[in-house]
């Protein structure tokens with residue numbers, strides 16, 4: 001999941017070198033913390049959060065196979 005989020009984010013932003021994903025794993029869920037540069041924050045979130053919602057939907061659909069819950073947090 002970490003690689004998928006990193007791939008999506010790097011293709012959305014202008015500064016792909018500044019994209020980092022931190023994975024925090026617990027028993028039932030996995031938290032993915034996405035960090036991008038301040039200039040690219042709007043590109044990852046999108047108008048009214050539509051891109052962020054789409055990213056979360058794709059990752060949740062991919063996680064259904066493993067019966068895990070994925071939480072995506074976009075950090076500064």
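Laboratory data are not the source of any read-out in this text; all were calculated from the coordinates shown. A quick note: this is a predicted structure, and the numbers were derived from the prediction, not measured. In this analysis, Cβ positions are derived from the backbone assuming ideal geometry, glycine residues included, and neighbour counts consider all displayed protein chains.
With a ≥ b ≥ c the root eigenvalues of the C-alpha gyration tensor of segment 22-62, is it rounded (a/c under 1.5), prolate (a/b larger than b/c) or oblate? Because a/c hits 1.5 or more and a/b fails to exceed b/c, segment 22-62 counts as oblate. Going from the fewest other Cβ atoms within 10 Å to the most, the residues 1, 41 appear in the order 41, 1. How large is the Kirkwood hydrodynamic radius of segment 2-75, in angstrom, based on all distinct alpha carbon pairs? The answer is 12.4 Å.
The order of the peptides 61-67, 14-20 by mean Cβ neighbours within 10 Å, most packed first, is 14-20, 61-67. Once the Cα-Cα distance is subtracted from the 0.36 nm per residue extended length, the residue 50 to residue 76 segment shows a gain of 7.5 nm.
Helical runs (DSSP H, four residues minimum) scored at -39500 (n - 2.57) apiece and divided by the length of the chain put the mean residue ellipticity at 222 nm at -11500 deg cm²/dmol.
When the Gaussian network model of the chain links Cα atoms closer than 10 Å, the mean-square fluctuations of 59, 32, 12 top out at 12.
Return the whole-Å distance between the Cα centroid of segment 16-32 and the Cα centroid of segment 36-53. Centre-to-centre distance over Cα atoms comes out at 17 Å. Relative to the dominant Cα principal axis of the chain, helix 50-63 is inclined by about 30°.
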